[in-house]
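The values are calculated or read from the model by the stated rules, or taken from the named source; none is laboratory data. For clarity, every value in this text was computed on a predicted model and none was experimentally measured. Positions of Cβ are generated from backbone atoms using ideal geometry, with glycine treated the same way; all protein chains shown enter the neighbour counts.
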Amino acid sequence: MLDFVITVDRTLMTNHHGKEFIGFMTTSPAIGVPEFLWMWICAPKPRIDKRTGMPLEAPYGLRKVEAALVKAGFKAGVVDPDYLHKYVDHAKAVMIGHHDFFAFCAPSNTWWAVTKREPVNRKYFMRLMNSDAMRRFKKRGGKIIVGGPAAWQWLHVEDLWERWGVDCVIDGEAEKVIVKIAERIVNGDPVPTYVFVGADEVPSIDEIPTIVRPSVNGLIEIMRGCPRHCRFCSVTLRPLRYIPLDKIEEELKVNWENGIRHVLLHSEDVLLYGADGVKPRPEPLFRLHELALKYSETLGWSHVSLAAVVYAEHNGKILTKLTEEIFSKTGQKFIGVQTGIETGSPRLAKIIMPGKAAPYKAERWPEIVEEAFAIMADVGVVPAATVILNIPEETPDDCMRTVELIDRLRKYPSLIVPMYLVPMGILKDKAALLKFRIKPEHVEVMWKCLEHSLYWAPKLASMYLSDKKSAPVRAMVHLFIKFVEWKKKSIEKRIREYLEMAAEGTYEHKAVIEASQT
């Protein structure tokens, strides 16, 4: 039996039908279809060893905690939430990591504010914590340890922290801390209620353990941290570390030997692997991809920055060469990535994210965005991009600049998603967490994002879900797109009226909120 059980709710304990980006649907409430069908589309149950309850694939962060404990000699493993009842009568601790425990992060907070309905990631986490298995575990005195990128959210829900009897919250990179916590639990010593892992306490490259069991969709971390220092981002508070190729290969082998044939290279900016500051360098990127292609039949990237796209292509056509190599080896026709536009305003870009455009000047940000989108369209990279609303220094003119930029991006295959600012990084502010006001100019940006994404969504869904096994999911996604298109047409006149009222200064705030909710 396991002494340390590592788990998470269904919205993360899944491989999303092998399509990582479908996972973003778990940040929303079910829209247009029953919730069980919504969950089947975005979070189906993974392949599981029914004897042990252990999934073949598990979220990468949970795998890192598992690896740290196993390396230290503890009996630890990741277990599917439906199988917790097999362990709670014997385990010493249940450890839970999450990207968004309570739907306070973007885009969950945006969908929640707009629809006034609880996103499924929050609902399913609450169900996990209220489950019979977890209540039984806590009743017999087991320890509950929580952490992951959303650990900070527990500081805003003290009532739930107490109700569920959470013993320790680990805020930050956990690989070193978790072993010390486990030792305390085994020895019967008290554990700290809250642990913040500062920049000087994060694990070094040598202290970051190699996963011992496969990760969801072959996700492999290639670097930690980001050198751009955007004011709204917590990732920039961590030191920058590049994972050496030999350690990356160890994890590639773990996935390959367990039948995982896809590789998803993960960092805040894949193109900055081995970079000279914020300037991509060809040699480390080509070596990384040569290695990854040895252990994959398809290959993807998690994130790229738009300035890195422009610089990489201008200096040696790095992006063209990388995609040509990937497509020739795998037969793929495109790569999907996540990226951040955030704003179309040069003024706001200079204030809130001057490093986002580096090595170019922040005043050129809209130009850089357009050029990056054009480059990606040419080389077969399809971005899912975000824009951020309610930044503290934002003005109505800044939002209009964003609207104008989105108009200019219409010809490039992409999705653009609006998000309300989560006050993280140096902007971290408890009071502002969910108390944002939906303004008329926000409705305008959200509407423009909807128009853009609906224009491209049918074609992109067909591309992304083109394989035969994805046919049922593809059909459901297309039905969902049709529903949204119908809904858009049904309320378009009303939205336009509200926007005209706003332009004339005759709107009522209640009406604007109703429009955005619709």
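Just a few scattered comments:
- Index of the failed condition, Arg63 passing every other in (1) within 30 Å of Lys469 (Cα to Cα); (2) in a strand (DSSP E or B): (2)
- Evaluation of Phe125 against (1) outside any helix (DSSP H, G or I); (2) at negative phi; (3) within 17 Å of the chain's Cα centre (by Cα) (one fails), failing number: (1)
- Check on Phe36, aromatic (Phe, Trp, Tyr), part of a loop (DSSP other than H, G, I, E, B) and surrounded by fewer than 24 Cβ atoms within 10 Å (Cβ to Cβ): no
- Filter pass, Pro46 being in contact with a strand residue (DSSP E or B) (Cβ under 6 Å, 6 or more places away or on another chain), surrounded by fewer than 21 Cβ atoms within 10 Å (Cβ to Cβ) and not charged (D, E, K, R): yes
- So Met446, is it surrounded by fewer than 17 Cβ atoms within 10 Å (Cβ to Cβ), in contact with a strand residue (DSSP E or B) (Cβ under 9 Å, 6 or more places away or on another chain), in contact (Cβ under 8 Å) with a residue 12 or more places away in the chain and of a type in the set (A, V, I, L, M, F, W, C): no
- Tabulated pairs, region 330-347, first more than 26 Å from Met400 (Cα to Cα), second small (Gly, Ala, Ser) and not in a loop (DSSP other than H, G, I, E, B), C-beta under 9 angstrom, 6+ apart or interchain: Gln332/Gly300; Ile335/Gly300; Gly336/Gly300; Gly336/Ala384
- Here Pro392 meets the list (1) within 17 Å of Asp269 (Cβ to Cβ); (2) in a loop (DSSP other than H, G, I, E, B); (3) of a type outside the set (Ser, Thr, Tyr) almost entirely, failing just condition (1).
- Val169 surrounded by 16 or more Cβ atoms within 10 Å (Cβ to Cβ), aliphatic (A, V, I, L, M) and modelled with pLDDT of 95 or more: yes
- Selected residue (criterion: surrounded by the most Cβ atoms within 10 Å (Cβ to Cβ)) from residues of region 417-426 that are modelled with pLDDT under 80, out of contact with any Asp or Glu (no Cβ under 9 Å at 6 or more places or on another chain) and not in a helix (DSSP H, G or I): Val422
- When Leu219 is tested against (1) modelled with pLDDT of 95 or more; (2) in the same structural domain as Gly53 (by TED's automatic domain parsing); (3) not small (Gly, Ala, Ser), exactly one condition is not met: (2).
- Filter pass, Val88 being surrounded by 20 or more Cβ atoms within 10 Å (Cβ to Cβ) and part of a loop (DSSP other than H, G, I, E, B): yes
- Unmet requirement for Ile318, which otherwise passes all of (1) in contact with a strand residue (DSSP E or B) (Cβ under 8 Å, 6 or more places away or on another chain); (2) crowded, with 18+ Cβ neighbours inside 10 Å: (1)
- Exclusive hit being surrounded by fewer than 16 Cβ atoms within 10 Å (Cβ to Cβ) and in contact (Cβ under 8 Å) with a residue 60 or more places away in the chain, set Gly259, Gly218: Gly259
- Residues of region 278-293 satisfying the condition of being among the aliphatic types (A, V, I, L, M) and in a helix (DSSP H, G or I): Leu285, Leu288, Leu291, Ala292, Leu293
- Odd one out for Ala113 among (1) buried (at least 22 other Cβ atoms within 10 Å of the Cβ); (2) out of contact with any Asp or Glu (no Cβ under 7 Å at 6 or more places or on another chain); (3) within 30 Å of Ile31 (Cβ to Cβ): (1)
- Meets criteria (surrounded by fewer than 18 Cβ atoms within 10 Å (Cβ to Cβ), in contact with a Leu (Cβ under 6 Å, 6 or more places away or on another chain) and in contact (Cβ under 8 Å) with a residue 60 or more places away in the chain) for Ala384: yes
- Within the set Thr7, Thr11, the sole residue that is of a type in the set (S, T, N, Q), under 30 Å from Leu415 (Cα atoms), crowded, with 17+ Cβ neighbours inside 10 Å and modelled with pLDDT of 95 or more turns out to be Thr11.
- Of the criteria (1) outside any helix (DSSP H, G or I); (2) modelled with pLDDT of 95 or more, which one Cys105 fails: (2)
- Test set (1) crowded, with 19+ Cβ neighbours inside 10 Å; (2) modelled with pLDDT under 95; (3) within 23 Å of Pro81 (Cβ to Cβ) - Val157 fails condition number: (1)
- Residue ID - farthest from Glu367 (Cα to Cα), chosen from residues in region 305-340 that are of a type outside the set (Val, Ile, Thr) and in contact with a His (Cβ under 7 Å, 6 or more places away or on another chain): Glu325
- Matching residues, region 466-501, being more than 14 Å from Leu415 (Cβ to Cβ) and of a type in the set (A, V, I, L, M): Ala471, Val473, Ala475, Met476, Leu479, Ile491, Ile495, Leu499, Met501
- Pick from region 383-416, criterion within 20 Å of Trp111 (Cβ to Cβ) and hydroxyl-bearing (Ser, Thr, Tyr), ranking: modelled with the lowest pLDDT: Thr386
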